[in-house]
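Contents: one structure, followed by commentary.
None of the figures in this text is laboratory data; all of them are computed from the coordinates on show. This is a predicted model, so every value here is computed, not measured. Every residue, glycine as well, gets a Cβ built from its backbone with ideal geometry; the counts of neighbours run over all protein chains shown.
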Amino acid sequence: MSNPASHTTGTSPGTGRAVRGPALRKVTVAASIGSFIEYFDLVIYGALATVLAHTFFPADNEVTGLLNTFAVFAVAFVARPLGGLLWGPLGDRIGRRRTLATIIVVMALASGAIGLIPSYQTIGLLAPLSLVILRFIQGISVGGEFPGAAIYIGEYSPDHRRAFQASFLQWGVIAGQTSALLVAAALTSTLSTAAMRDWGWRIPFLLAIPLGAVGLYIRSRIGESPAFERADQAGETTKRPLKAVLGHAEGWKMIGRTALFNLPSSVPAYLLVTFMPAYLTSKAHLSSGAALMSVVIAVLFAMVVQPIAALLSDRFGRRPMLLALCVITLVVAYPAFALLQMGGHLLPTLGLIVIGLVHGIATGCMVAPALESFPTRLRFTGYAWSFGLTTALVAGPTPYIATWLISVTGSVYSPAWLVMAGAIPSLIGVFFLRESHNRPLPS
């Protein structure tokens, strides 16, 4: 029977050594700082989409400019699987800590450089081309960031609290998302439209450079994960982890299992934080500041739900929580969008909170079963590839597809269909998955 002790004390998998609260907290902070930067930059891009559309594309058609901006947004997600192919094998060969330290440097420099690109009016097509290149580099770097950070926390966590401990990585994500929305709201509320288009939008991207320096310092002061150390000392690592994962049917089976847990989180997460600010201003007729603050409230609600969902996952299992998540998603998606159209501020915010509920449950439960799907020697490669693939195919295009659906169908409710579509494959697949909670990570 699992030890009901607090999550702050446990036995690190594969080592038999006690892992105390301060060590777990230090590991969690070190892992989460990169996710903070990653999602700060991701959400600030979506929150300032209308400004970026004017800055980097011709101003003759507002909808076309916005679609182009979201298309460039999706470029980083296309690059994520490639990042998984780069960083995953590296993390399985040289270790989690050194790989994560390298990733945060690349990610911070690429993000900061976006803030230095001249506008379309200044350098013409070189502006959107530069944006595409830097977004691609961002995508390469973050293709290893979240999976690597999740693995680092998971390989330190007690078996009976793995989902709960990993959920704090999602707090880093939420903190990055919330900070980005608050910064965007502050800028749009205090600066004129001309100032925002000229220089205001650059400030959040330039912040990535000092944040990256802080993250590198923190990560340079932590040790390697005990699970990887054990595998390395026992000679159980492999020089060709990519071939071991992608070259065998069992590897694809592990990837497919991980994808089923990732899918329900992909659409609500990116719909909420990157699509909704523009949607609420254009379709629900809220001001930019009010729209951003409503999204912040919903994201904070998701932050509260995440660890609760993770605790339930540790208590009742991964399969029951995935089943419950899919059913809840199918039931509440359309009513949530109906609330967005009811006018005022209260009811649209309530609709966003409903989407935040789905977001919180999904992200609170997605990490642990993914880590439990792969052995230590292949975990970074397998998880990074699977996470990058589902993110690229489903999450990245979400703002673009949602905007396109509204344009084609004329229905402001059509993005709800996208939310429901993301849950259906997992609802079917859950009946074929094996349970993995409260067990040691595969070695």
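Dipole of the stretch 20-432 computed with +1 at Lys/Arg Cβ and -1 at Asp/Glu Cβ about the Cα centre; of P369, F205, Y334, farthest Cα towards the positive end is P369.
Take each peptide in 184-197, 105-118, 380-393, count the other Cβ atoms within 10 Å of every residue, and average; sorted highest first, the result is 380-393, 105-118, 184-197. A prolate overall shape is assigned to the chain, the ratio a/c of its alpha-carbon gyration tensor axes (a ≥ b ≥ c) being 1.5 or greater and a/b exceeding b/c. Dipole size of the chain about its Cα centre, with +1 on Lys/Arg Cβ and -1 on Asp/Glu Cβ: approximately 1100 debye, rounded to the nearest 20. Each label point was placed 7 Å from the Cα along the Cα-to-Cβ direction; for W404 and I297 their separation is 3.3 nm. Look at the dipole of the chain built from charges on Cβ: of T99, S288, L191, the Cα furthest out on the positive end belongs to T99. Projecting the Cα atoms of F275, G148, L418 onto the charge dipole of the chain (Cβ charges, centred on the Cα centre) puts G148 farthest toward the positive pole. Here the extension length gained between L109 and A421 equals 108.7 nm, from 0.36 nm per residue of separation less the Cα-Cα distance. Spin-label pair L116-A338: with each label point 7 Å from Cα along the Cα-Cβ axis, the two points sit 5.2 nm from one another. Taking 0.36 nm per residue of separation and subtracting the Cα-Cα distance, full extension of the segment from E435 to Y217 would add 74.7 nm. Distance from the Cα centroid of the stretch 387-434 to that of the stretch 85-150 is 25 Å (rounded to whole angstrom). Peptide packing for 412-423, 233-244, 163-174, 362-373 was compared via the average number of neighbouring C-beta atoms within 10 Å per residue; ordered from the highest value, the list is 362-373, 163-174, 412-423, 233-244. Debye sum, Cα scatterers, the stretch 258-356, no solvent: what log₁₀ I/I(0) at q = 0.11, 0.12, 0.13, 0.18 1/Å? The calculated log intensity ratios at q = 0.11, 0.12, 0.13, 0.18 Å⁻¹ are -0.35, -0.41, -0.48, -0.84.
Aspartates and glutamates near K239 by alpha-carbon distance under 15 Å, same-chain residues fewer than 8 away left out - which ones? Reachable aspartates and glutamates: D92.
In plain terms, the chain from L330 to T190 could stretch by 46.5 nm, reckoned as 0.36 nm per residue minus the Cα-Cα distance.
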